[in-house]
Amino acid sequence: MSSISTFSDARIPTADEVRARRNLFIQGWRFAVLNFKMIVMVTRGHH
């Protein structure tokens, strides 16, 4: 058994997806939205 994995069926990201992943503004926005969602979830979970 080989320890090397191949992902030949994996989807290749488009040029727009790669650009979005490298853009710090977009990453910062996504980080802020994720944190906001977590804050909302935590505050609703505690009565």
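Some values worked out for this structure:
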{"quantity": "For the range 27-32, Karplus couplings with θ = phi - 60° (6.51, -1.76, 1.60), whole Hz, Gly/Pro x", "calculated": "5, x, 5, 4, 5, 5"}
{"quantity": "Per-residue [θ]222 nm for the chain (sum of -39500 (n - 2.57) over DSSP H runs n ≥ 4, rounded to 500)", "calculated": "-21000 deg cm²/dmol"}
{"quantity": "For Ile26, net neighbour charge (Lys/Arg +1, Asp/Glu -1) across residues whose Cβ lies under 14 Å away", "calculated": "+2"}
{"quantity": "Two-site FRET efficiency, Leu24 against Ser3, from Cβ-Cβ distance with R₀ of 25 Å, rounded to 0.05", "calculated": "0.10"}
{"quantity": "Rg [Å, one decimal], Dmax [Å, integer] - the chain, C-alpha atoms", "calculated": "17.8, 52"}
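Only the coordinates and a few stated rules stand behind these numbers; no lab work does. Remember, predicted model here, so these are calculated numbers, not experimental data. When we count neighbours, we look across all protein chains shown, and the Cβ atoms used for this are built from the backbone with ideal geometry, even at glycine.
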